[in-house]
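Read-outs: derived from the displayed coordinates by stated rules, not from any lab. Since this is a predicted model, take the numbers as computed values, not measurements. Don't worry about glycine lacking a Cβ; one is built from the backbone with ideal geometry, like all the others, and counts go over all protein chains shown.
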Amino acid sequence: MHTCEKTGYISEIKLKTGVNVNRCYQCGKCTAGCAVAEEMDYPPSKMMRMLQTRDDNNYNKILASETIWLCVSCQNCLTRCPMEIDIPQLMDYLREKAIRKKKMNKKAKHVLAFHRAFLDSVKYTGRLYEIGLIADYKVRTLHIFQDMDVAPKMFVKGKLPVLPEIVEDKKQIKTIFSKVQE
Ligand code: SF4
Ligand code: SF4
């Protein structure tokens, strides 16, 4: 086993998220309650066990996993955990870490593209502008012509507004984004 003494990821996780991975006693309730566990390469309880090993290889496997990108932060695992381990918070931290260390799973780029398109829409209009979001997402993922037959039907039904609604106080939106970036 390759021990991670230099990086001390267990201590860093505790410091940044408040999660003590050693408190997990592998009851499996998080995995049983997770709607996407079956799709994950490492379901939540297995991920906790891998973190407990203090093995760099296991940590890197988690950072490169699909698991952290499939988690939808529904909080089911946290609600069920007898030790109140905040797995959603941990997943957030691991996603950020994977990006910083450039270890992201290749499937994550679609999730990230959606997040970025969503945030840009809110940043520039103060609201969610659906057409802008879809166009931005498709350009980022190169899925330009996918679902082309769906959009006209949605226009007809009035589900897609052509022009964005823009909030009047854009300064406030700018302040929120600057504070988050800090
Ligand atoms: S927060 Fe994530 S890991 Fe926890 S139950 Fe929901 S999807 Fe699963
Ligand atoms: S529910 Fe909590 S204690 Fe049980 S396996 Fe999951 S994280 Fe560990």
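Listed values, structure above:
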| item | result |
| --- | --- |
| Net charge of neighbours whose Cβ lies under 12 Å from the Cβ of Gln181, counting Lys and Arg as +1 and Asp and Glu as -1 | +2 |
| Residue-span extension gain [Asp92 to Glu12] - 0.36 nm each, minus C-alpha spacing | 27.4 nm |
| Separation in nanometres of the label points that stand 7 Å from Cα toward Cβ, at Phe114 and Lys179 | 2.8 |
| Contact order normalised by residue count of the range 30-78, Cα under 8 Å, 6+ apart, percent | 50 |
| Label point distance in nm, Arg23-Tyr124, each placed 7 Å from Cα along Cα→Cβ | 4.3 |
| Cβ-derived FRET efficiency at R0 41 Å, Glu168 paired with Ala32, nearest 0.05 | 0.30 |
| From phi via Karplus (6.51, -1.76, 1.60), per-residue ³J(HN,Hα) for the range 51-57 in Hz, x at Gly/Pro | 5, 5, 5, 6, 9, 3, 4 |
| Point-to-point label distance, Asp55-Ser73, nm (Cα→Cβ direction, 7 Å offset) | 3.1 |
